[in-house]
Structure formats: C-alpha cells, structure tokens
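Structure first, then comments.
The values are calculated or read from the model by the stated rules, or taken from the named source; none is laboratory data. The model shown is predicted, which means the values in this text are computed figures rather than measured ones. Here the Cβ is made from the backbone with ideal geometry for all residues, glycine too, and neighbour counts use every protein chain on show. For accessibility, only protein heavy atoms count, side chains too; no ligands or nucleic acids. Shrake-Rupley method; radii C 1.70, N 1.55, O 1.52, S 1.80 Å.
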Amino acid sequence: MLETIRNFDGSLLIKFQHLAVHDLLTPVVKVFTHLGDAGIMWIAIAVLLLLFKRTRKYGLLMFASLILTYLVNNLLLKDLIGRTRPYEMFDDVQRLIGKQHDASFPSGHSASSFAAAMCIYLNGPKKYGIPALLLALLIALSRLYVGVHYPGDVVAGAIIGSLMAWLVYKVYDARQEALHPAKHRRK
C-alpha cells in the first residue's frame, strides 16, 4: 500500500516537472523556494509586525502558528514517518537545488508558509491575507518544481500549517470572548 502511494506520488511529481521545468523559469522558482528556507521570511514578517502596536497581535499569532507548526511538522511527523526524498527514489526526478538533510514528509516549507499566510488571512485584512496565501502556494509549488518533495508532502504540509493557524486563531478568539464577553457579542 505505501509503495503504491509512493509510486503514484512519484509519477505525479515526474509529470509535474516534465510540464513545468524550463530553463528560463528555474532561477525565479529557486528564489521562491529559498524564501521559505527555515521559515526565515515568515519569521521576519512576524518580527516586523511585532514592532508596531497596531499589528503586534498579528505578529504574536503568527509566531504561535509557526512554533506550533514546527513542533508538529518538523519535530514530530518528519521523524515519525521518515519518508525518503523523491530524488533518492526516482531517477527521473530532477533535483534543482542542494540535497535536503531531513525527511520528505511533510513539507516544512509548505507547512510554515501556510501557517503564516493563513494566520494573516484569518486575523488581518484580506488585502494582505490573499497575497500571503498566494505566496505560500508559490513556495509550496516551488518544492515540487525543484524536486525535493512529493505532491503529497506539499499538500500535507499546507494542511498542517493551515490547521495550526486555525487552531491558534480559535484559541485566541475563545480567549478574547472569555476576557471580554460583552464586546465579543457585539461583533
């Protein structure tokens, strides 16, 4: 069963790369993939949001989402599942960046990107949330393009990050309602 899933996921990745990879596009996609390295861009945005009183809440919620996502995605699931990278399993997968030093499933770039972007979308103005989600999607797709993740890794990472952001949003919302019930009912 697991081998069937891996083979299906691998064939999807190979087809995606066959259709998408182009010499002119590769440098641009590499920029997007490196924007997600170690979640640094998202951490920098959270720090920037913390600097201003008006956006401090968003920065704190983004940090909470990123930390929770890291714990679940990188410290728990990657080690527990230990999925081998696609370029190590399939000769037809083109690896367009350096070798990765952790397990493939789930994608950390996708998880952190969707955790941060979904946090912006759920808590902030949609004029920032929608572009953040589009950027998260581009970063996630870039991981397929450069050949370091299976499609299932990317989808799982996006779901995990989104769920962690939603969980943080719900906990914050419940806390606000408990602290300020009259104000919360007026919404």
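What the table below lists for this structure:
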read-out: Gap separating the Cα centres of the range 84-131 and the range 32-75, nearest whole Å; value: 14 Å
read-out: Note, ³J(HN,Hα) from phi for the range 8-17, Karplus 6.51, -1.76, 1.60, rounded to Hz, x at Gly and Pro; value: 5, 4, x, 5, 4, 4, 4, 5, 4, 5
read-out: Flagged links, alpha-carbon separation over 21 Å, of 15/78; 30/78; 30/126; 53/126; 126/170; value: 15/78; 30/78; 30/126
read-out: Volume per residue of the C-alpha convex hull in the range 22-88, rounded to whole Å³; value: 99 Å³
read-out: Residue-normalised accessible area of the range 1-151, expressed per residue, 1.4 Å probe, Å²; value: 55 Å²
read-out: Over the range 1-126, equivalent-ellipsoid semi-axes from the Cα gyration tensor in Å; value: 31, 18, 12
read-out: Karplus 3J(HN,Hα) series, Hz, for the range 40-51 with 6.51 cos²θ - 1.76 cosθ + 1.60 (x for Gly, Pro); value: 4, 4, 5, 5, 4, 5, 4, 4, 4, 5, 5, 5
read-out: Value at 222 nm in deg cm²/dmol, rounded to 500, when DSSP H runs of n ≥ 4 in the chain each add -39,500 (n - 2.57); value: -22500 deg cm²/dmol
read-out: Percent accessible area from carbon and sulfur atoms, the range 49-176, protein chains only, probe 1.4 Å; value: 66 percent
read-out: 3J(HN,Hα) from dihedral phi, the range 135-141, Karplus parametrisation 6.51/-1.76/1.60, rounded to Hz, x for glycine, proline; value: 5, 4, 5, 5, 5, 4, 5
read-out: In the range 21-77, chymotrypsin sites (Phe, Trp or Tyr not before Pro) in a DSSP loop with at most 13 other beta-carbon atoms within 10 Å; value: 52
read-out: Taking only Cα atoms of the range 68-187, radius of gyration then Dmax in Å; value: 17.1, 62
